[in-house]
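Here is the structure we will look at, set down as structure tokens.
Please treat every number below as a calculation from the coordinates, not as lab data. Small disclaimer: the values here were computed from a predicted structure and weren't measured. Virtual Cβ from ideal backbone geometry, glycine too; neighbours counted across all protein chains shown.
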Amino acid sequence: MPLTLVDETNEALPVWLAETGGLDALPEAARAWARVSRFTAEAGSVLIVPGQDGRPAGAVLGLGKADHRGGAAEWRGLLAGALAGKLPDGEWRFAKEPATIDRDVATLALLLGQYRFARYRSGAKGDDAQPQIRFQAPDAIDRAELAAVADAVFLARDLINTPANDMGPAELEAAARSLAQRFGAAVETIEGDELLVRNFPMIHAVGRASASAPRLIDLTWGKPSDPKVTLVGKGVIFDTGGLDIKPASGMLLMKKDMGGAANVLALAQMVMARGLAVRLRVLIPAVENAISGSAFRPGDILTSRKGKTVEIGNTDAEGRLVLADALALADEEAPEMLIDMATLTGAARVALGPDLPPFYTEDDGFAAELAAASRRVADPLWRMPLWQPYAANLSSKIADTNNVTSDAFAGSVTAALFLQGFVEKAAVWAHLDVFGWRPKPGPTGPVGGEAQGVRALYEVLKQRYPGAPI
Ligand code: BES
Ligand code: ZN
Ligand code: ZN
């Protein structure tokens with residue numbers, strides 16, 4: 001990686017922080033250079049300040065207006081990620097202990113900002129050639145912790161960015177297995193027709209039209225006596241929509257429909273790398289929602305693992321079907337915490353846009369913890385309601401439920417309500433409807449796959465179940 005965190009020495013060049021309209025606070029030479037360069041300290045902008053010998057003497061990181069995102073130090077911390085792509089080679093440090101930005105978030109952002117997806121680039125060229133930056137970590141930063149978090153985020157991004165021809169159900173399984181091997185976890189998979197034998201009818205139905213066999217990946221780690229935390233991730237490696245086929249524009253990005261799986265694997269990596277005191281289980285239904293003669297059809301009625309019958313109103317609402325069987329299995333052992341993550345609905349994006357995933361839970365205490373953690377680590381999430389009156393809109397005339405509503409309202413809420421119908425025993429259940437994709441480049445990463453809500457969830461788990469790093 002082009003940016004490494006190093007111990008403090010006296011060598012490093014300073015990075016000053018400046019708000020828009022606040023250039024006066026800079027040292028004189030930097031201020032003069034900022035003025036002639038018409039640098040306005042826009043959020044995430046970086047100005048390199050040259051010395052008399054023409055080499056860099058320092059840099060200014062723009063923080064934007066004083067009230068950028070309410071002026072919260074945590075959100076502002078993310079802006080430091082811009083430095084990873086914009087500083088030239090050399091050793092750097094923050095000029096002062098940054099007070100206006102959160103140190104932990106800023107240091108993590110430096111790591112996150114250097115990510116590039118280079119797997120399919122032959123040779124480093126153009127944009128891919130990155131400067132080599134050594135950055136002095138501010139005092140009291142837990143570098144091992146930040147590195148573990150950044151590595152896990154990169155795992156999620158890599159998995160999502162890898163196209164479906166190289167990230168099918170088998171490759172997703174291989175990714176789970178290599179993670180398991182690294183941390184001494186166990187993996188069992190149930191594949192193909194065995195899904196029918198072991199009673200996962202909906203995972204089988206959604207995935208059976210693909211040339212790559214559908215499977216349920218089941219990873220476990222930790223002491224059996226520790227509190228059970230189970231993560232379920234939607235692993236639709238490509239979503240054509242099935243027979244209710246998506247238009248080209250809607251299908252283009254559907255390699256990211258395993259974003260939920262990528263996110264829970266990233267969260268699992270954080271938990272295992274830092275040795276949290278939990279018995280962790282990760283369940284990933286890994287399927288391709290493909291089209292062939294064996295595809296499931298609109299109007300079909302499936303009997304789910306839980307016994308509930310589901311009329312298929314739309315084959316494009318496949319994520320909730322595979323999740324329902326996985327959630328039912330997870331729920332059977334009544335975990336203390338059951339969290340699922342899924343690129344479940346376009347409607348979540350209509351409601352909150354791509355950068356602010358909604359989460360759903362009936363547990364107000366957990367919701368408050370998650371919302372606070374989301375702010376603390378600057379990982380945006382927003383609670384939406386499990387509005388029970390809308391559950392009636394999922395009713396079917398001939399089966400126990402339909403997989404879609406007949407109207408176009410509250411799509412993310414009704415999808416969450418559908419899932420809720422398969423969870424009974426878990427002490428806490430939360431569902432995150434994530435986008436899994438960064439549509440515009442930002443300080444903490446380029447356009448492409450993104451981990452969302454994972455750092456916030458990890459923060460909650462860390463508070464609840466502190467452990468010892470292994
Ligand atoms: N994978 C999609 C949801 C999706 C689409 C997430 C675009 C992110 C971006 C999901 O399987 C789907 O197609 N959902 C349908 C549900 C509808 C048929 C009720 C949707 O959102 O349109
Ligand atoms: Zn779909
Ligand atoms: Zn989907």
Does segment 361-458 classify as rounded, prolate or oblate by the C-alpha gyration tensor (a ≥ b ≥ c root eigenvalues; a/c under 1.5 gives rounded; else a/b over b/c gives prolate, otherwise oblate)?
-> oblate
When you have a sec, figure out the Kirkwood radius of the chain from all distinct Cα pair distances and drop it here in Å to one decimal?
-> 23.2
Selection of trypsin sites (Lys or Arg not before Pro), segment 362-470, meeting DSSP coil and at most 10 other Cβ within 10 Å | LYS397
Tilt, helix 169-183 to longest principal axis of the chain (alpha-carbon atoms), in degrees rounded to tens, equals 60
Along segment 209-216, what does the Karplus equation 6.51 cos²θ - 1.76 cosθ + 1.60 (θ = phi - 60°) give for ³J(HN,Hα), rounded to whole Hz, x for Gly and Pro?
-> 7, 7, 6, 9, 4, x, 7, 10
What dipole magnitude, in Debye to the nearest 20, does the chain give about its Cα centre under +1 on Lys/Arg Cβ and -1 on Asp/Glu Cβ?
-> 600
Among PHE296, ALA268, ALA286 the positive-end extreme of the charge dipole of segment 247-310 (Cβ point charges) = ALA268
Percent of all Cα-Cα pairs per 5 Å bin for segment 241-288, counting from 0 up to the last occupied bin, reads 5, 16, 21, 16, 13, 10, 8, 6, 4, 0
So what are the radius of gyration and Dmax for the Cα set of segment 238-324, in Å?
-> 16.0, 47
Evaluated at q = 0.11, 0.15, 0.20, 0.23 Å⁻¹: base-10 log I(q)/I(0), Debye formula over Cα of segment 280-382 | -0.46, -0.83, -1.23, -1.35
For segment 11-116, rounded, prolate or oblate, judged on the Cα gyration tensor with a ≥ b ≥ c (square roots of eigenvalues), a/c < 1.5 rounded, else prolate if a/b > b/c?
-> oblate
Please give the calculated 222 nm ellipticity per residue for the chain, where each DSSP H segment of at least 4 residues contributes -39500 (n - 2.57) and the sum is spread over every residue; nearest 500 deg cm²/dmol?
-> -9000 deg cm²/dmol
Counting DSSP beta bridges with both ends in segment 18-149, the antiparallel % (nearest 5) | 55
Partner lysines whose C-alpha sits under 24 Å from that of LYS440, ignoring same-chain residues fewer than 8 away, are LYS65, LYS86, LYS125, LYS234, LYS246, LYS255, LYS256
Compute from the Cα atoms of segment 63-196 the Rg and the Dmax, the latter being the longest Cα-Cα distance, and quote both in angstrom.
-> 19.1, 62
Calculate how many DSSP beta bridges within segment 224-357 are antiparallel, expressed in % of all such bridges and rounded to the nearest 5.
-> 20
Among beta bridges assigned by DSSP with both residues in the chain, the antiparallel ones amount in percent, to the nearest 5, to 40
Can you work out ³J(HN,Hα) from phi for every residue in segment 342-349, in order, using Karplus 6.51 cos²θ - 1.76 cosθ + 1.60 and θ = phi - 60°, giving whole Hz and x for Gly and Pro?
-> 7, 7, 8, 9, x, 4, 4, 6
Cα long-axis angle, helix 411-420 against the chain (0 to 90 degrees, to the nearest 10) | 60
With Cα coordinates, the longest principal axis of the chain makes an angle with the long axis of helix 103-112, in degrees rounded to 10, of 70
Highest mean packing first, using Cβ neighbours within 10 angstrom, the peptides 73-79, 280-286 sort as 280-286, 73-79
Please identify every one of the trypsin sites (Lys or Arg not before Pro) in segment 1-52 that sits in a loop by DSSP and has no more than 16 other beta carbons within 10 Å of its own beta carbon.
-> ARG38
Seen from all sides and averaged, what is the projected area of the convex hull of the Cα atoms in segment 182-321, in nm²?
-> 9.1
Which net charge results for the neighbourhood of ASP24, defined as the other residues with beta-carbon distances under 13 angstrom from its beta-carbon, given Lys and Arg at +1 and Asp and Glu at -1?
-> 0
Student exercise, segment 250-302 dipole from Lys, Arg, Asp, Glu Cβ charges, in Debye to nearest 20 = 260
Fully extended contour minus Cα-Cα distance, from LEU356 to ASN10, at 0.36 nm per residue | 120.5 nm
